[in-house]
Amino acid sequence: MKHELRLSGTGGQGLILAGIILAEAALLDGKLAIQSQSYGPEARGGSSKSEVIISEDAIHFPKVTKPDLLLAMSQEAANKYSHDLTKDSVMITDSLFVSEVPDFGGKVYELPITHSAREGLGKILFANIVALGALVKLTGVVSAESLEKAVLNRVPKGTEDKNRKALQIGMDLIK
């Protein structure tokens, strides 16, 4: 059992934090995990990606080479990071920002991630947590309980209830 996940979008969307949270949730579940990140020179607005590998066995290479899942929170990310997807891969897109989904032959979930964060919580800054809720509900790559613990370990004090709600909103996007 090995899962290779790539979370991508633009700087400022919180995808590096989302990758860290996902890896921490895997560790809480007793799995092995490694997380790496890269982003453009711009602090906000440039491309960013966080890669997470979750496995029950030793992880010998820290980079995603065969992504099982791509989360694309911007059109640029969908175009730039979908090149190595296969028919067995899954892509989750934020339907507000990704209007043209690259054709890779696999399953695509076009979800109103940012819109749901704004409508349900009044702020788009929770979109990364909404996305994590959807991703985990869809894949089961980590338990919902470990995901919630990892989120609460990483978010600012005083935002716990909103982040719990963001996770639930994300999970509710998957029917």
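The values are calculated or read from the model by the stated rules, or taken from the named source; none is laboratory data. Model, not experiment: these values are computed from the prediction. Note: ideal-geometry Cβ built from the backbone for every residue, glycine included; neighbour counts use all protein chains shown. Ligands, DNA and RNA are stripped out before the accessible areas are found, and what is left, the full protein with its side chains, is counted by its heavy atoms. Shrake-Rupley method; radii C 1.70, N 1.55, O 1.52, S 1.80 Å.
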Check: Among bridges DSSP assigns within the stretch 4-134, what percent are antiparallel (round to 5)?
Finding: 55
Margin query: Heavy atoms of the protein only, probe of 1.4 Å, neighbouring chains included. What is the accessible area of H115 in Å², nearest 10?
Written below: 80
Checklist line | For L71, distant residues with modelled amide H under 5 Å away | finding: R6, L7, S8, I92
Checklist line | In sequence order, calculated HN-Hα J values of the stretch 132-145 (Karplus, 6.51, -1.76, 1.60; Hz; x Gly/Pro) | finding: 4, x, 5, 4, 6, 5, 6, 9, x, 4, 9, 6, 4, 5
Note to self: Can you give me the orientation-averaged projected area of the convex hull built on the Cα atoms of the chain, in nm²?
What the structure shows: 9.3
Next item on the list: For T86, tell me the accessible area in Å² from a 1.4 Å probe, rounded to the nearest 10.
Entry: 70
Check: Sorted by accessible area with a 1.4 angstrom probe, largest first, how do I16, I124 fall?
Finding: I124, I16
Check: Each residue of the stretch 11-18 in order: what ³J(HN,Hα) in whole Hz does its phi give by Karplus 6.51 cos²θ - 1.76 cosθ + 1.60, θ = phi - 60°, with x for Gly and Pro?
Finding: x, x, 8, x, 7, 5, 4, 4
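If you roll a 1.4 Å probe over the stretch 6-119 with all protein chains in place, what percent of the accessible area is carbon or sulfur?
Here it works out to 52 percent.
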Check: In nm, to one decimal, how far is the A58 label point from the K107 one, both placed 7 Å along Cα→Cβ?
Finding: 3.3
Margin query: Let me check I have the definition right: for the stretch 93-175, take the eigenvalues of the Cα gyration tensor, multiply each by 5, take square roots. What are those semi-axes in whole Å, largest first?
Written below: 23, 16, 9
Next item on the list: Find the accessible area per residue for the chain; the probe is 1.4 Å, ligands and nucleic acids are left out, and the unit is Å².
Entry: 48
Next item on the list: Provide the FRET efficiency to the nearest 0.05 for the L27-D172 pair, computing r from the beta carbons and using R0 = 30 Å.
Entry: 0.70
